[in-house]
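J.: Please find one structure pasted underneath; my questions will follow.
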Amino acid sequence: MSLTVDQVRHIAKLARLEVSTDDLAATQAKLNGIFGLIEEMQAVNTDGVEPMSHPQDLAQRLRADAVTESDRRDAFQAIAPQTEGGLYLVPKVIE
């Protein structure tokens, strides 16, 4: 796929980008290069290739699922302007 200068100008307008007339040809060449790379990647036969989450087979380092903080809800609610039944009361902002 190859873009024309008019298509590049239209894309820039849709993206709300200001591209000067001097930069249109360079932008066109860069976009056409990107589309060329996409066409090359789509031409590769990927039948039988399983999707990977990472290009290398790595193990995720995980920490132990243990409680490290104490329950300080009462201390936080003591300094809140209004609470009721363990919940914070806030002013109504939507009618």
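FYI, it's all coordinate maths here, none of it is from the lab. Computed from a predicted structure; not experimentally measured. Here Cβ is always computed from backbone atoms with ideal geometry, including for glycine, and neighbour counts include all displayed protein chains.
J.: Where the Cα atoms of the stretch 1-42 are projected onto their three principal axes, how long is each span, largest first, in whole Å?
T.: Ordered largest first, the stretch 1-42 gives principal extents of 31, 19, 13 Å.
J.: Now, a different point. What residues have an amide H closer than 5 Å to that of residue 83, excluding those fewer than 5 places away on the same chain, when H is modeled at 1.01 Å from N in the peptide plane?
T.: 89
J.: By how many degrees, 0 to 90 and rounded to 10, does the Cα axis of helix 21-43 deviate from the longest principal axis of the chain?
T.: 80
J.: Still on this structure: Provide, as a two-decimal number, the C-alpha radius of gyration of the chain over 2.2 N^0.38 Å, N being how many residues it has. Could you put the intermediate results ahead of the total?
T.: Working: Rg = 28.0 Å, N = 95, 2.2 N^0.38 = 12.4 Å.
Cα-based Rg divided by the globular estimate yields 2.25.
J.: Can you list which of the trypsin sites (Lys or Arg not before Pro) found in the stretch 1-36 are DSSP loop residues with at most 14 other C-beta atoms within 10 Å?
T.: Numbers: sites: 9, 13, 16, 30; in loops: 16.
Counting only loop positions with at most 14 other Cβ atoms within 10 Å, the trypsin sites (Lys or Arg not before Pro) in the stretch 1-36 are 16.
J.: Compute the helix-to-body angle for 5-14: its Cα long axis versus the longest principal axis of the chain, expressed 0 to 90° and rounded to tens.
T.: With rounding to tens, the tilt is 10 degrees.
J.: Of all GluC sites (Glu not before Pro) in the stretch 1-44, which ones are in loop regions per DSSP and have a Cβ with at most 13 other Cβ atoms within 10 Å?
T.: Taking the stretch 1-44 and a limit of 13 other Cβ atoms within 10 Å, the loop GluC sites (Glu not before Pro) found are 18.
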